[in-house]
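As structure tokens, the structure follows; a few thoughts come after it.
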């Protein structure tokens, strides 16, 4: 038994833990959970917990349905919202086949495979997400749509307001779970909030994002409101993104930093950005996986609609932030396309794969966007080479379907399921008769 496993078992006994939840995700990024009695945890470490993988979206096929969930002891934490009455712990799991092979369709394993590719080249991949979401008075809504908890705006301070108390309690709970928070504030939309997690290796960040979503939902229930990570719940308010700062390290050295280069962005960093730009259309169906995601990308509110990069240019898809010259270790790039509803394991996998491809193939970084890309005319954007991102999920899927990079990164099973599942969503959406159609046509034709 490892030291980490022994620590978990001792903590369960010393803290009187009553239940241990084992967490993993399906291909769409929905959190799955099974609760164990404390006496079963040691056996779970040794033999795993068997379950029917064919009942989980995209995880396996019916004729090979038996899978095992092995808890990762390094992810053990007590869930603060369960309190002291029935103390409950949780661990994320790695999914395997009965013969011990990693399950090819386990999203966590997809990311681990991609991180292993980076490690072969000497790189460790770090991520730092800025997660936006809306607080609503209820999950139910009438003809006027959902109702936000306030009508405040960017960085507004609302003394005694729901959002202020909500963020304070959420941050406290995240810190109790060992998830470090850098900032929290009210965002631009009515009822919209943002909480930024401190940078960590990509696997830890993805686990933290899944925990973050659960914490936000739990705190909302406790406070009598509803939290949603839907990319665009309001047509007249900004969408919810998950801008993520990315960096590669070689040992203790930031591979993106070179004091002699423009913006101190190294050749490795420039090639990484070039890879993100070239492959952005192919990966968009993963970083923006819902029909509604494209209402955010093409609905204004500072969403990045065109493929470009810029130094501190918030209209660009990729931003190279300013940082203090003395802090070269903080060199990074910010990918602004990803939204808050993405599966973080798959999204970070394709982002890393695209960047690595740029390094491996020596891609050249195109000229930066110096102007506001949104304010340029279509002809000006075309002349500057600022191509649009896919305009719909259907468009994004048609591009991804031809992508060798995404197919290789996700693996055959996840790739095929993602396309099939999202084409079903497109078909369901296409059949809908929307309020827009009824309002504009019912009484006029």
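Every read-out reported here was derived from the displayed coordinates using simple, explicitly stated rules and does not represent laboratory data. Computed from a prediction, not measured in an experiment: that's the story for all the values here. Backbone-built Cβ (ideal geometry, glycine too); neighbour counts: all protein chains shown.
Report the paramagnetic label zone for residue 420: residues of the range 373-397 whose backbone N is under 18 Å from a point 7 Å from Cα along the Cα-to-Cβ axis. Only 397 pass the distance filter.
Could you let me know the centre-to-centre spacing of the range 412-433 and the range 194-248, using Cα atoms, in angstrom? First find each Cα centre; the distance between them is then 24 Å.
For the range 3-103, relative contact order (Cα pairs under 8 Å, six or more residues apart, normalised by length) works out to 29 percent.
If a/c stays under 1.5 just call it rounded; otherwise compare a/b with b/c (prolate if a/b is bigger, oblate if not). Do that for the range 3-103, with a ≥ b ≥ c from the square roots of the Cα gyration tensor eigenvalues. Because a/c hits 1.5 or more and a/b exceeds b/c, the range 3-103 counts as prolate.
If you model the chain as an ellipsoid using its alpha carbon gyration tensor, with each semi-axis the square root of five times an eigenvalue, the axes come out at 33, 28, 24 Å, biggest first. By the equivalent-ellipsoid construction on the alpha carbon gyration tensor, the range 215-325 comes out with semi-axes of 31, 18, 13 Å, ordered largest to smallest.
Spin-label model, residue 221/residue 387: points 7 Å from Cα along the beta carbon direction are separated by 4.5 nm. With neighbour counts taken as other beta-carbon atoms within 10 Å, the residues 245, 185 rank, fewest first, as 185, 245.
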